[in-house]
Amino acid sequence: MAASSATPVAGVLGAGGPRLAERVAAVDALVAVLAGAIDGPAGVRAAGLVASGGKRLRPLLTLLLAGDGPAAADEAGERSLRVAAAATELIHVATLAHDDVLDRAPTRRGVPTIWSTDGAEAAVATGDALLAAAFEAVSRDARPEVSAILATAASSLAAGELMQRADAFRLDITVERYEQRVIGKTAALFEAACRLGAIHGGVDAELAGSIGRDLGIAFQLLDDLLDIEGDPAVTGKARGTDLLDGTVTLPLALAAARDPEFAAVKLRELDEPAAAELCDRLIASGTCDEVRASALGRVEVAQAAIAALPGPEGRRQALALAARALVDRSA
Ligand code: FPP
Ligand code: MG
């Protein structure tokens, strides 16, 4: 299982017990099968994309919330859990194929993007096919709420991304606006993953959803920080790529609201060295530390909700470790 064994998530598997490790491996295989079953060149590209790595965080959350709940009772329930978990990953990978077109990204996870090797049409078609494959897979589930949860998330992903595009190159982004964007483009799918797990684990859907939402917001805040502070050798991309494509994230938005020098930055004129220098100035301004504190605060809220989950201690422990791994990641 290439994806999870090479990441901090590996520690979670130990805590989650043998059943979790088996399910994670089965879901990883299912993701590959569903992507590979897509017809034509899009199938080949989709299979390559899902095989290129990824932490499989969203399916992991589904499986963790499911725990040893009612899903364990029969084979159909087990299958339905695996399909739901796999669908969250397929949707996530679909958004990445689309995002690379919008970002004009040459590489992702250190691998050339479909956009860069085969063009925008091929990348969009691959993302579309992955999205369709996810919905086709869950459409066989007798419970309509499974498709509904994922459809709500997919709409939010698109809306969040469109908001971000509408905000491109704007330095006057409020914290509230930024948060709305992040809930849409990232946290909504984390929330959906947890809600799907809750269906199978007999957990309150709202409690599960709030855990996913808080972890998703924290994940994106930390992801944005990696773009500014991360080691390119580890992240696989140059520092300041968000700034170069006009994506103003919270550290710069906060700095621009307080300091006229940041508010006067000409983002359209940045080149790579200037973007890296702006990253250094942002780190020195203290706003990165502020954003990190905010992310850690979100994780603490999620940890408190995790501690309040009913049922076996193993589920709480594994989820708490997963939340911790999210904070500790460096790529
Ligand atoms: C990666 O994050 C991108 C996202 C979290 C979401 C992108 C969403 C879309 C393109 C909408 C497509 C919607 C559907 C339903 C297919 P990032 O851009 O912050 O980070 P990265 O580019 O550096 O990975
Ligand atoms: Mg992007």
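The values are calculated or read from the model by the stated rules, or taken from the named source; none is laboratory data. All values derive from a computational prediction rather than experimental measurement. With ideal geometry, Cβ positions are generated from the backbone for all residues, glycine too; neighbour counts draw on all protein chains shown.
Of all residues in the range 213-246, exactly one satisfies the criterion of being within 13 Å of ligand 2 (Cβ to nearest atom), β-branched (Val, Ile, Thr) and within 17 Å of the chain's Cα centre (by Cα), namely 235.
Yes/no per residue for (1) buried (at least 24 other Cβ atoms within 10 Å of the Cβ); (2) at pLDDT 90 or above; (3) in contact with a Ser or Thr (Cβ under 7 Å, 6 or more places away or on another chain); (4) among the β-branched types (Val, Ile, Thr):
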residue: 5; (1), (2), (3), (4): no, no, no, no
residue: 15; (1), (2), (3), (4): no, no, no, no
residue: 22; (1), (2), (3), (4): no, yes, no, no
residue: 29; (1), (2), (3), (4): no, yes, no, no
residue: 45; (1), (2), (3), (4): no, yes, yes, no
residue: 71; (1), (2), (3), (4): no, no, no, no
residue: 75; (1), (2), (3), (4): no, no, no, no
residue: 84; (1), (2), (3), (4): yes, yes, yes, no
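For the range 194-206, the condition of being within 15 Å of ligand 1 (Cβ to nearest atom) and assigned to a helix (DSSP H, G or I) holds for none of the residues.
Assess whether residue 89 counts as being more than 20 Å from the chain's Cα centre (by Cα) and away from ligand 1 (no atom under 11 Å from the Cβ). Considered against the rule, which asks whether it is more than 20 Å from the chain's Cα centre (by Cα) and away from ligand 1 (no atom under 11 Å from the Cβ), residue 89 comes out as no.
Taken over the range 207-237, the criterion of being surrounded by fewer than 21 Cβ atoms within 10 Å (Cβ to Cβ), free of Cβ contacts under 8 Å to residues at least 40 places away in the same chain and either more than 11 Å from ligand 1 (Cβ to nearest atom) or among the basic types (Lys, Arg) (or both) is satisfied by 232, 233.
Take the conditions (1) over 24 Å from residue 273 (Cα atoms); (2) touching a Ser or Thr at 6+ places or on another chain (Cβ under 8 Å); (3) more than 15 Å from ligand 2 (Cβ to nearest atom); (4) of a type in the set (A, V, I, L, M, F, W, C); residue 252 misses just one of them, which is (1). Scanning the range 101-129 for residues that are modelled with pLDDT under 95, over 23 Å from residue 152 (Cβ atoms) and not β-branched (Val, Ile, Thr) yields a count of 8.
Every test in (1) out of contact with any Asp or Glu (no Cβ under 6 Å at 6 or more places or on another chain); (2) without any contact (Cβ under 8 Å) to a residue 40 or more places away in the chain; (3) buried (at least 18 other Cβ atoms within 10 Å of the Cβ) is passed by residue 242 save one, and that test is (1).
Of all residues in the range 95-114, those that are under 16 Å from residue 130 (Cβ atoms) have Cβ atoms under 6 Å from Cβ atoms of residues that are near ligand 2 (Cβ under 8 Å from one of its atoms) and not in a strand (DSSP E or B), 6 or more apart or on another chain, in 108/100; 113/100; 113/105.
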